[in-house]
1. Lys/Arg Cβ at +1, Asp/Glu Cβ at -1, dipole of the chain taken about the Cα centre: which of Ala57, Cys145, Trp20 is farthest positive-ward?
2. Rounded to the nearest 500, what is the chain's calculated 222 nm mean residue ellipticity when only DSSP H runs of at least 4 contribute -39500 (n - 2.57) each, over all residues?
3. Return the long-range amide H neighbours of Gly147 (sequence gap of 5 or more, or a different chain), with a cut-off of under 5 Å between placed amide H atoms.
4. Please give the net charge around Leu179, taking every other residue with its beta carbon less than 9 angstrom from that of Leu179, where Lys and Arg add +1 and Asp and Glu add -1.
5. May I ask you to evaluate 6.51 cos²θ - 1.76 cosθ + 1.60, the Karplus curve with θ = phi - 60°, for each residue of region 161-178 and list the ³J(HN,Hα) values in order in whole Hz, giving x for glycine and proline?
6. Could you compute the net charge surrounding Met120? Neighbours are other residues with a C-beta less than 15 Å from the C-beta of Met120; K and R count +1, D and E count -1.
7. Using the scaling law 2.2 N^0.38 Å as the reference, what is the normalised Cα Rg of region 13-118?
8. On average over all directions, what projected area in square nanometres does region 63-186 have, based on the convex hull of its Cα atoms?
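Any read-out appearing in this document is the output of simple, stated calculations on the displayed coordinates, not a laboratory observation. What you see is a predicted model; the values in this text were computed from it and never measured. Heads up, the Cβs are rebuilt from the backbone with ideal geometry, glycines too, and the neighbour counts pull from every protein chain shown.
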Amino acid sequence: MSKSGWIDVTVPIINGMVNWPGDKPVHITQTSQITNGDEVNITHLNLTAHTGTHMDAPLHYIQDGNAVSDLGPDDFMGEVKVFHITDPRQITFGELKELNISAGDRVFFRTRNSDMDWSMQPFMDDFVGMSINGAQYLAKIGVRCIGVDYISIASEENSTDVHGPILGANILIIEGLNLREILPGIYDMIALPLKIDGADGAPARVLLKKQGTEIEKEIPN
Ligand SMILES: [Zn+2]
């Protein structure tokens, strides 16, 4: 944690990090290097918009949905509720309905995924993802943002049925968070995706800062 209380929950973007099956892996090279006699160091990035900690814009699954460049400051900053999910397989409707989640909330879910540094491990087929009825429930409530601790919010087989209702309801998704050290409670959040014009998503630097303990006690979990 920094002196100001902000915690960086972003995973590093690095060659060899995990990527979604079928996506091209991250490939970062130096096109100019001072140690080679060049005047400057220049890093060249070759990566998908859905690398590491990143935001999914509605356009990812909705053809006329907002792109990441259509989003604004109110999408990037504000309060977020962090919940710990106990189910070791999925974020289920049964567990979600017991949580204090209301319209307009930002919600982050810390699951067993955060028990290890998954970003440098091979792709996990059995990561904890959102269930289909969990996604439908959150879309119906009308939360404004959902954050999860793996590179996708849902398994390959559920991907469309989970992303669809959420992004279709104009709810933003932040994937690839490192929530290992984050306790349940209410935090301030800053999540700044790169302004890549017309893109369906973008890597983001995401920070959390714990709010006062009186407010924290109001969250049953
Ligand atoms: Zn994504």
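1. Cys145
2. On the way: 5 runs with 32 residues, N = 221.
About -3500 deg cm²/dmol.
3. Hits under the 5 Å cutoff: Val107, Phe108, Phe109, Ile174.
4. Numbers: positive: Arg110, Arg180; negative: Asp149, Glu181.
That sum, taken over residues with Cβ under 9 Å, equals 0.
5. Coupling constants for region 161-178: 6, 9, 4, x, x, 6, 5, x, 8, 6, 8, 7, 10, 10, 10, x, 6, 9 Hz.
6. On the way: positive: Arg180; negative: Asp115, Asp117, Asp149.
Net charge around Met120: -2.
7. 1.47
8. On the way: hull surface 30.7 nm².
Result: a mean projected hull area of 7.7 nm².
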